[in-house]
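Data block below; observations after.
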Amino acid sequence: MPENVESGDLPSEPAVPRLIVRSEEDAFTLLQQALTSELEEQPYVLEFENWPILKLRFVGEGYDSTITPHIAEALVELQHAMNRSYARLVRHSGSANVLTKEERKAIEFKAKVDEGSSLITVDLGEYAETLTTALVGKMSGTELVITILGVAISGGALLAYKAFLAARSEDKKVDQATKQTVQLSEQETKRLEIFANALTSNPALKSSHEDFDNVRHDILKSVGDADQLDIQGIPLSQDQARKIASTPRTKAEEVQLNGIYRIVKLDWSREDEVRISLYGTGSTKQEFIASMRAHNLTPQNIEKLKACEWERRPVHLSINATVLRGDVTTATIVGVEWPSDGETSAASAELP
């Protein structure tokens with residue numbers, strides 16, 4: 001239950017309830033309360049103590065304080081998933097390219113490898129608290145609780161890993177012993193329903209969960225020549241891990257996002273390209289960052305871009321992009337043209 005803590009030094013300032021999460025049980029209790037409107041609608045501060053912690057243990061010859069290239073790749077994907085979740089929830093962008101250096105540094109994790117073993121631990125509690133700070137005031141108290149706990153559960157809860165393994169084992173030729181190892185208990189099944197409700201209530205949270213599922217896939221693939229991989233305490237043999245990971249992960253789709261855009265911001269800090277924050281109209285009504293390479297930065301195009309930014313004029317852009325689960329992951333501008341009078345009028349009416 002919430003614990004009160006003073007929000008400032010002045011006696012007149014109201015107390016802000018803080019929700020301290022010390023375990024998976026705490027997280028699901030609070031998540032259920034938030035989803036069923038049992039929490040009072042007011043600001044909250046969320047604090048995490050020794051949870052969630054991702055634990056990976058590799059067993060085999062040579063796995064002694066060792067991180068192989070495959071393990072390193074999985075940890076890099078974990079950081080990417082954290083970056084994308086932050087960008088999606090805080091900056092409303094599916095691409096981590098929008099993050100500043102300061103934001104990236106604030107959410108960068110450090111993996112701990114215990115001496116005498118290949119036990120790797122990553123404390124995701126600090127990430128959850130940083131995300132909390134960034135979202136305070138940007139959503140209601142209940143929405144904040146659902147969002148932060150949703151990310152914490154997705155990134156580091158035992159249930160998230162067990163549910164992933166159980167789902168991936170259904171259509172694989174794994175033995176009965178493996179299926180029993182990852183089978184959800186009655187309590188876990190109920191918690192999974194609670195978590196599913198949280199994902200349904202927040203599309204951005206659902207996309208973040210899918211990013212963390214890709215991390216789980218890469219962790220299974222990182223088993224390499226280890227005899228056994230323990231994920232959050234769930235033991236899997238090398239053969240079991242490889243079979244469950246046999247389904248390819250979701251890949252980004254190459255698309256054309258040609259259309260009318262408004263330029264929100266131009267970033268000229270890089271010598272070889274300009275990075276452009278865009279807001280689209282029509283079928284491309286979304287915000288994302290696109291880049292334009294130096295060889296396309298003709299004097300005419302540079303003047304058009306500047307006019308669009310300063311005069312708030314809409315512009316027709318030809319964009320080569322990749323899209324993953326509805327989010328623009330990469331975008332490159334290959335053409336800049338002034339729109340027709342009809343397109344300009346329609347775009348001006350749509351743009352905020």
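The values are calculated or read from the model by the stated rules, or taken from the named source; none is laboratory data. Note that the structure is predicted; figures quoted are calculated from it, not measured. Cβ coordinates were reconstructed from backbone atoms using ideal geometry, including for glycine residues, and neighbour counts include every protein chain displayed.
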Scanning the range 274-290 for residues that are among the β-branched types (Val, Ile, Thr) and part of a strand (DSSP E or B), which turns out surrounded by the most Cβ atoms within 10 Å (Cβ to Cβ)?
276
Meets criteria (among the β-branched types (Val, Ile, Thr), modelled with pLDDT of 95 or more and more than 21 Å from the chain's Cα centre (by Cα)) for residue 68
no
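Would you say residue 230 is under 30 Å from residue 170 (Cα atoms) and acidic (Asp, Glu)?
yes
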Residues of the range 27-49 satisfying the condition of being more than 21 Å from the chain's Cα centre (by Cα) and within 23 Å of residue 78 (Cβ to Cβ):
49
Considering the range 255-287, residues that are at pLDDT below 80 and among the β-branched types (Val, Ile, Thr), and then whichever is nearest to residue 93 (Cα to Cα), we arrive at 284
If you take the residues in the range 89-116 that are at pLDDT 90 or above and under 11 Å from the mean Cα position of the chain (by Cα), which one is farthest from residue 252 (Cα to Cα)?
90
Give all pairs with beta carbons closer than 6 Å in which a residue from the range 305-329 that is assigned by TED's automatic domain parsing to the domain that holds residue 294 and at negative phi meets a residue that is modelled with pLDDT of 85 or more and among the basic types (Lys, Arg); count only pairs at least 6 apart in sequence or on separate chains.
307/313; 314/262
Among the residues of the range 291-338, which ones are in a loop (DSSP other than H, G, I, E, B) and under 30 Å from residue 85 (Cβ atoms)?
325, 326
Test of understanding: among 179, 190, 138, which residue is assigned by TED's automatic domain parsing to the domain that holds residue 28, closer than 20 Å to residue 32 by Cβ and of a type outside the set (A, V, I, L, M)?
190
Restricting attention to the range 42-90, which residues are part of a helix (DSSP H, G or I), of a type in the set (A, V, I, L, M, F, W, C) and touching a residue at least 60 places away in the same chain (Cβ under 8 Å)?
71, 74, 78, 81, 82, 89
